[in-house]
Each structure stands twice: as structure tokens, then as C-alpha cells.
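In what follows, a structure is listed as C-alpha cells, so that the remarks can point back to it.
Every number in this text was worked out from the coordinates using simple rules, so none of it is lab data. Since we're looking at a predicted model, the values are computed, not measured. No Cβ is skipped: glycine too gets one built from the backbone with ideal geometry, and neighbour counts run over all protein chains shown.
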Amino acid sequence: MKEHKGAHAFSSSHHTVVTIGTFDGVHIGHQKIIERLVSTARAGNLESAILTFFPHPRMVLQKDTDIKLINTIEERKNILEKSGIDHLIIHPFTQQFSRLSSREFVRDILVNKLKAKKIIIGYDHRFGRNRTADINDLRNFGKEYDFEVEEISKQDVEDVAVSSTKIRNALLEGRVEKANRYLSYPFSLAGTVVKGKGLGKEFEFPTANLKIEETYKLIPKNGVYVVRSVIDGEEVFGMMSIGTNPTVGGTEKTIETNFFDLNKDLYGKYLSIELLTRIRDEKKFDSIDQLKTAMKQDKAFSMQYIRDNHAE
């Protein structure tokens, strides 16, 4: 897969089949569309291209800083790289770009820059300034500029739209197994390990405190989770606590992971940690001893879960 930072940076000697979208999560609905894109391109001796946008249009047009996404842009790139597409075009979404007319978007971006011979798009897709053009307009442009339009059915589009919302809601409810089924891969959190207060070490459960730079990344519901990561090429499991540590009077949200059977200095390391299942809600205990007892129970639950689901 070749990555292009904007349509103006795109370059290929072949014509393309293009699909357009945010693709947050790159979940099972998106995967169905991408499979169709790739197979259509191969059958027509064309190259497959996804045109996506960053920042998310809502962040720019609605100044919606509260929007939370399933993937960071880096995570989205990594997942799409495994999908078999030829080109990923990440176009910067700006106020100026949003003011392109539908004709300018089709002529200047899809035809002149991306060399589109076929466009695979949802029946309800709208584009151009104020999103006034629809699939019928796109078909008319196709006749004028010599490209085909393939419509994604209402059912398939609704699968895509509903799944992204369902995944976000499932994660906010702490239902990571449900989210992972929709994604077809484990939801993950990635960031740099920074120094915390060192309380975990005092409790005999040393933790890696994860700092996530991307403020738009969705963080699941507070609680304790069974997790998996790969550190220096080695698969490791552990348990992650998301929350404010209320038992010790904490107020700031932290993401702390106790990795099992791992004796390494992780400070400064960049880790991606997969969430596998949820153990329990965050709870304020009456004493440190009660908290320690709960953490031992959490570890016992985690070890059993790993044996049942990830045994060699």
C-alpha cells in the first residue's frame, strides 16, 4: 500500500477504483466494502484507492472537539495496510476544501488527481459544498468525465453506519468483547509509558502508565480489563485499570497496566495494548487491603481467561 498525504500528492501510472469515507474502526462493514474495492480493481486491471480525510470533517465544520474516534489516524493506516489496497490517500480536511463545489471535487480530485475510472459509493453519500450533491449527480458526472459509479446498497451502508456507532457505544459501556466482534480485531490503546505515582509497586502490582497524545481517541468506560501486548517481540498479557484510582484519592483519569511475568523497564516505550475483556467496574474500596484483595482476584480472573482463550 502506498500512502499519499493528500490528493495532490497522488501519483500512479494506472487508473483507479476509488471509495470515499472516514473508515473509523475499519470494522466488518468497512471490510466488506474494501474487499469489493480490491476485487473490482483486480478484475478491471485497475488500482484500488481509498480517499479518507483527516481531521474528521466534524472536527473542522462543527468545531466538535468532543468527537471521539475508534482509531487514531496511525491505527487506521496500519489496519488499512493489511487490507490489500494499492493506495491510501489521506486528504487534509479544511474549511477551504469543504467549500469545493461538487463539480470541482469530482473533476479536480477524483478525475484529474486520482484518475478514477470507477467509484464505489453509498446510495446516501453526499458531497461538494454543503453536501448538496448525491449519487445521481455523481452518475451524471460519470457520463461527462467517463467513469462508472457502483452503488453500495442501503443494507450495506446501514451496516457500516450502525456498526461505527455501535462500536463506540459498546466501548463507552465497557463491552469490549462486543466491540471486538464488530471490529473483527481487538480494540487497542497506544501511547508512551510515563512515570506515575508508583502506587502499583507499593501494592506489589507495578504498572505501566500509558499517556495517549491523541485527545480525539475514544477511551472505554472506567474499569479493569484483561489485555495483551507485544513488547520487544514477546507476547505478554496483563490487566489494565482505566479510571481515577478513587481508593487512594485520585482525581485524574489514568490508564495503568500490570503486565504478568514481565520484568522490564518500560519507561519511555511506545506500546499498543489490546483490550480483550472487561473484569469489573472501577470501585472505591474502604481500605488499601480491600483494594489489594480485589487486584489479586482480578489477576486470578485474568489468568483463567487467558488459559481459556489464549492457551498455546
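Of all DSSP-defined beta bridges confined to the chain, some 55% are antiparallel rather than parallel. Amide H to amide H, with H built 1.01 Å from N, residue 231 comes under 5 Å of 236, counting only residues 5 or more places away or on other chains. Rg and Dmax of the stretch 130-226, both derived from C-alpha coordinates alone, stand at 21.6, 71 Å.
Just the projected area, averaged over all directions, of the convex hull on the alpha carbon atoms of the stretch 186-310: how many nm²?
So the mean shadow area of the Cα hull is 7.4 nm².
Close amide-amide hydrogen proximity is noted between residue 269 and 193, each under 5 Å apart and 5 or more residues distant or on a separate chain (H modeled in the peptide plane; Pro and chain starts excluded). Return the long-range amide H neighbours of residue 279 (sequence gap of 5 or more, or a different chain), with a cut-off of under 5 Å between placed amide H atoms. Amide H to amide H, under 5 Å and 5 or more residues apart or across chains, residue 279 pairs with 224, 225, 226.
Taken one residue at a time, the phi angles of the stretch 92-100 give Karplus couplings (6.51, -1.76, 1.60, θ = phi - 60°) of x, 8, 10, 4, 4, 4, 5, 8, 4 Hz. Gly and Pro are set to x. Would you mind checking the stretch 117-136 for residues with the amide N under 18 Å from a putative spin-label position 7 Å along Cα→C-beta of residue 1? Only 120 fall inside the zone, counting backbone N under 18 Å. In terms of its alpha-carbon gyration tensor, the stretch 44-110 comes out oblate; a/c meets the 1.5 threshold, while b/c is at least as large as a/b.
Put a plus charge on the Cβ of each Lys and Arg, a minus charge on the Cβ of each Asp and Glu, and nothing anywhere else: the dipole of the stretch 186-310 about its Cα centre is then about 240 debye. Phi angles of the stretch 207-220 translate, via the Karplus equation with coefficients 6.51, -1.76, 1.60 and θ = phi - 60°, into HN-Hα couplings of 10, 9, 8, 8, 10, 9, 6, 7, 5, 8, 6, 6, 10, x Hz per residue; Gly and Pro are given as x. Dividing the C-alpha radius of gyration of the chain by 2.2 N^0.38 Å, with N its residue count, gives 1.15. Pairs from the table (195/221; 5/269; 166/217; 32/68; 197/292) lying more than 20 angstrom apart at Cα are 195/221; 5/269; 32/68. In terms of packing, defined here as the mean over residues of other Cβ atoms within 10 angstrom, the peptides 166-172, 299-305 line up highest first as 166-172, 299-305.
In terms of the Cα gyration tensor, with a ≥ b ≥ c the square roots of its eigenvalues, is the stretch 1-42 rounded because a/c is under 1.5, prolate because a/b exceeds b/c, or oblate?
Numbers: a/c = 2.71, a/b = 1.38, b/c = 1.97.
Cα axes put the stretch 1-42 in the oblate bin.
When a/c reaches 1.5 or more, the comparison of a/b and b/c decides; with that in mind, is the stretch 1-148 rounded, prolate or oblate per its Cα gyration tensor? Verdict is oblate for the stretch 1-148.
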